[in-house]
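Here, each number is a calculation from the coordinates, and none is a lab measurement. If you're wondering where the values come from, they're calculated on a predicted model, not measured in any experiment. Neighbour counts are summed over all protein chains in view; Cβ atoms, including those assigned to glycine, are modelled from backbone coordinates with ideal geometry.
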């Protein structure tokens, strides 16, 4: 990257659009159960203090598929995870050793300028690189030094980055490439780094019919409380393989012993890019399928899941078509499952376009 340090500090304008809470999601969720409007994340209707329950899920899942036709509602679910591309110009590239590893909002760059011993704001020159970029101070050469320095910055920024998890994500240009440093998970979208996760469809087959185990997130979760979720899902921290992470998450989230979880099959990936205020979320989710014994009943071990229910796959599809009860990225992974298990067919209008969109945003 041909950026060079300017003679003086390079001020950047603070964009007037700082944060757009996902109230749009909540309003649409509660409309499915006859509630009022609300704002913030999750399924709570602030006007009534009511959140949707399993009775609402089963009632809607068993209704005839009227309303959205064909695959239109599935396209909407994909679009809900890929918002804000028109605001890309408000972000500055985060460059390490000549590789773009993220995108940082102008307003957040202004906070980082207070840590000149860690970050440098470089100007563009006239040799083909016309954009500014953020990079590390040249004294920070090792992954360990960068990780420690950025960790200290995040602690200093305090409430600017909510929901600290004390879990590190590896930072690289693409999956499998060298790791430049590790970053606190909650800070990942503020630096626009590519983050990876594992999502597992746990299902059974009974009387030639497939059923998915579906979880309902705890109301105490900081993100998407009370919404529907996969049986097992989690971010991919630094220093653990996808397979090992699936086995760990299976135990923690659903009480699945390793003798069963080791049979989980990797089946592909989905990706999305979601720009929301100062957050630039670039996620790649590795998808797994696990056929469970008919008599197995999941049990949450870490307090993050309120309850589980076993639902026929065609009814799960109906929930996605008719509601926004599912955590948005979970809907994408389930749509991928519907493709692979024949619930979405090539003769459905938009089949190839939808298939492409599931991994059309920098799936690398």
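Roughly speaking, what is the stretch gain from residue 355 to residue 166, that is 0.36 nm per residue apart minus the C-alpha to C-alpha distance, in nm to one decimal? Spell out each step's value before the answer.
Values: separation 189, 0.36 × 189 = 68.04 nm, distance 3.51 nm.
Value of the extension gain: 64.5 nm.
Taking other Cβ within 10 Å of each residue's Cβ, how do 168, 352, 160, 231 sort, fewest first?
Taking fewest neighbouring Cβ atoms as first place, the list is 352, 160, 168, 231.
In nm, what is the difference between 0.36 nm times the number of residues separating residue 115 and residue 86 and their Cα-Cα distance?
Full-extension gain reported as 7.5 nm.
Take each of the peptides 188-201, 208-221, average the number of other beta-carbon atoms within 10 Å over its residues, and list them starting from the highest.
Ranked by mean Cβ neighbours within 10 Å, highest first: 188-201, 208-221.
Rounded to the nearest 0.05, what FRET efficiency is calculated for residue 174 and residue 223 with R0 set to 25 Å and r the Cβ-Cβ distance? Working shown, then result.
Working: r = 25 Å, r/R0 = 1.02.
FRET efficiency, residue 174 to residue 223: 0.50.
For the range 98-168, just say rounded, prolate or oblate: build the C-alpha gyration tensor, square-root its eigenvalues into a ≥ b ≥ c, call rounded for a/c under 1.5, and beyond that prolate if a/b exceeds b/c, oblate if not.
Cα axes put the range 98-168 in the prolate bin.
Using a 10 Å cut-off on Cβ atoms, rank the peptides 96-108, 323-335, 278-290, 253-265 from the highest mean neighbour count down.
323-335, 278-290, 96-108, 253-265
Quick one: check the C-alpha center-to-center distance for the range 305-341 versus the range 212-243, whole angstrom.
14
Taking a label point 7 Å from the Cα of residue 265 along the Cα→Cβ vector, which residues of the range 189-228 have an amide N closer than 20 Å to it?
From the range 189-228, the list is 198-214.
How much length is gained if the chain between residue 347 and residue 59 is pulled fully straight, taking 0.36 nm per residue apart and subtracting their Cα-Cα distance, in nm to one decimal?
Between residue 347 and residue 59, full extension yields an extra 100.8 nm.
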